[in-house]
Structure formats: C-alpha cells, structure tokens
Amino acid sequence: MGATAKVQAGLAARYRKERRFRLFGLAAIAASLLFLVVLLGSIVAKGYTAFWQTQILLDIHFDPAVLDVNNLATANYAALVREATLRLFPQAASRQDQRALAKLVSTGVAYQVQEIVTSKPELIGSIIPIWVVADDEVDMFVKGYIPREVPENERRISDKQAAWIDQLAAAERLRQGFNATFFQAGDSREPELAGIRGAAMGSLFTLAVTLTLSFPIGVAAAVYLEEFAPKNRWTDLVEVNINNLAAIPSIVFGLLGLAVFLDFMHLPRSASLVGGLVLTLMTLPTVIIASRASLKSVPPSIREAALGIGASQVQTIVHHVLPLAMPGMMTGAIIGMARALGETAPLLMIGMVAFIVDIPHSFSDPATALPVQIYLWADSPERAFVERTSAAIMVLLLLLLAMNAAAVLLRNKFERRW
C-alpha cells in the first residue's frame, strides 16, 4: 500500500471516530433532555390540579339562636355548617350518615363563616349562599384521583358520599375554583387548607439575610485577596480552603450553624435569621470565587491607566475596577442565592423543619422555607399532599428559573468584552 493510500485510510478512520464521537455527544444530550422532560412532565401532571380546588355551595343560615352579637368568638359555627348540609340532604337521618355528610366540607369552613359574621354582623338572621371549600378527599374524588370503579372498602369515599357529590354537581352546587388558599395560607394538617405563603415568606426573609451578609463580605474578601493580599503561603492556604469550602456538602454548614448559632450564641431556633446566617456561610465561597474571577477579567491596562494619572490604589479599585467587575459579581451572587433558595439539609439541622402555621412577619419569628415545606408535604400520607407537593415544586422551579434568568440578563446587559 502506498503512502497516499495509508494517509487516506488514516484520515477515513479518524473521520469515522469523529462522527462516532459527535453521535455519542448528541445521544447524551438527547438522553438528558428526555430525562428532563419526563421529570418535569411528571411534576406538572401531578401538580397542576392543585391550583384548582373543589367548592360546594351551601345556604348558610346565620341563626340568631346560635350567634350572639355580643359574643361571636365562642359561637358554634360548625353547627351552622352542619345544618346547611343537612338541609341539602334531609334524608341523612342516622348519625352515621350525618357524620359522612359533614365530611364533604372542610373543617376550615367554620372559620370562613366566622370571618364573614365577624366582618358583617348585620347578616345575622339571614340565609346567605356561600361557596365553601370541600374536603380533600372530595376534591381528590372529583379530580379523578380516587377512582369510582374500585370497591367501596378500598377507597376513602363511600358510595353514599359519591351519590351526594353527584347530586351536588347535578344541582350546580359543585365547582372547581381557583385555589387562592394555596398562595395565601400557611401550613396545615388539612391539605385543602394548606398553602405556601408561610414558607415563601420564610424563604424571603432567609434570602434577605443571606444576600445582606454574603454579598458585601464576599466582595470585600475577593477584593482583598485579589488586589491587596501578598502572595505567600498563607494566602495560598486561604485560597485553597475557600475552594474546598465551595465543595463541602451543605449539611456540614447546618451542623456548624447548629453548634455556633443555636448551642453557643443561643439565637432563636427555626428563625429566618439563623437560616440566613447558615446559608451565608454556605454561599460565601461561591460569591468570593465569582468575585475574584470578575476582578481578574478586568484588563491590567485599566489599573495602569488609573495609577498613571495619579489615582491611589484604593481609588483605582473603587472608581474603576469594581464598577467593571460588578456585573460578574452580581451574577455570582444571584447564582449563589439560587442555590441557597433550593437548599434543605442545612435548614433541617437548625430546626426550620418545624410545623409552622402562622405567617412570619420578622426575621426572628418561627418560620420554614419552601424546600423544607416540600419535604414535609412529601412525607405526609394524604393523597392531596402529593398534589400540593408537586405544585410547590413547580413554584420553586419557577423562582429558580427566574433567578438564573436574571443572572443571565445582568451578565448580557452589563458585561464588557475586552
């Protein structure tokens, strides 16, 4: 075989290898996209129905015999709800049927009626039609998660309750309405009354503490290490440790926060303040590394020109280097905040896994975070919490997507190419 033939054979073999390599790369990307689509599709399929809630129309009689204008706080509002359901189905005469009938509506309806009467006492004595929240089992039955075809002893809705639900639907007393409770309420033992507002506010307060501390401290540390610190073994040791801290599992920071902030400093447990401090420790290495990379990207000619016209080193950094490096620093900070928003393990270690019903209004109030709320709901046995878990994951993914999109937009808008 001649030299030319050998060269052509070698080129053909190399081209075949390159094509196989490209095909392997495309196959890997296609498989990754397929898995991502399956995952997102599963979450959306399970969670989108949580944004709608089954409601029942009841004619509530604000009975003056039950409601005392001078003492509305102790009135038996649950009795008003029971009477309203019994008027719809007077054939439910036995005590067992009445208990089954009462389970069609949520236990939180009594509080809804109480709020109406408290805000408008003039309604006492009248009969008002009110759309009330159905029980979570009724909601699951209407949405098809509890099948009719299975035997009665294998589902949570009896045949009699299913017949009552059908009668309500035929009388146009059953509807699917927007689930505002999901966005307005805190956590609850009852799925139909549970919401993400408490967890969202806890995440907001926690991220506010994290951003307030991690960004200025991280930028200051990066400026010192990059612009002022002498290059010796000690600064090399600090840089190595910062890089190592960025790779440490997040639960280690939770253990550190438990030991320092709770056991030693005695800060309030399950508070956004402590959560923010722990996430600050976790986020600082990311902010420092991103800030140092941004400072390195500024051309040396900028520093030399500023020093050449008489600016001091501090003036050079503050007036010239930092403004040019700030877009990259902000991008790194937003990415760090996005990582902090999705963290669960360190918050579990400092007690933010507690069952919190009230909406937090300050940094020291007991609170939980959105990822922790998802963790708690995923561990609940009720079928309706599966739906709400997926819906909360969708909200969290949208927030993370928004934060990463903001980082990309900031980088594209303010980044300069040299």
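The values are calculated or read from the model by the stated rules, or taken from the named source; none is laboratory data. In this text, all values refer to a predicted model and were calculated from it rather than measured experimentally. Here the Cβ is made from the backbone with ideal geometry for all residues, glycine too, and neighbour counts use every protein chain on show. The accessibility values were calculated without ligands, DNA or RNA, using every heavy atom of the protein model including side chains. Shrake-Rupley method; radii C 1.70, N 1.55, O 1.52, S 1.80 Å.
Overview of results
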quantity	calculated
At 0.692 mPa s and 37 °C, Stokes diffusion of the range 123-255 via Kirkwood alpha-carbon radius, µm² per second	156 µm²/s
Under 10 Å, Cβ to Cβ, from Asp59 - net charge with Lys/Arg +1 and Asp/Glu -1	+1
Angle in degrees between helix 109-119 and the longest Cα principal axis of the chain, rounded to the nearest 10	90 degrees
Förster radius 45 Å - calculated FRET efficiency between Val69 and Val44 (Cβ-Cβ, nearest 0.05)	0.40
Percent carbon-and-sulfur accessible area, the chain, ignoring ligands, DNA and RNA, probe 1.4 Å	64 percent
Pairs of Lys in the chain closer than 23 Å at Cα, counting only those 8 or more apart or on different chains	7
Protection proxy ranking, peptides 184-197, 282-295, average beta carbon neighbours within 10 Å, highest first	282-295, 184-197
Equivalent-ellipsoid semi-axes of the range 1-122, from the Cα gyration tensor, Å, largest first	75, 17, 8
Accessible area per residue in Å² at 1.4 Å probe, computed on the chain	54 Å²
Full-stretch length increase - Leu57, Phe35 - with 0.36 nm per residue and alpha-carbon distance subtracted	3.6 nm
Highest-fluctuation residue, Tyr375, Tyr145, Tyr15 considered, GNM on the chain with Cα pairs under 10 Å	Tyr15
Scattering curve values for the chain, log₁₀ I(q)/I(0), Debye with Cα scatterers, q = 0.07, 0.13 Å⁻¹	-0.55, -1.15
Cα-based Rg and Dmax for the range 291-418, where Dmax is the largest Cα-Cα distance (Å)	21.5, 71
Within the chain, helix-based [θ] at 222 nm, where runs of 4 or more DSSP H residues each add -39,500 (n - 2.57), nearest 500	-20000 deg cm²/dmol
Virtual spin-label span in nm between Tyr111 and Leu237, 7 Å along Cα→Cβ	5.6 nm
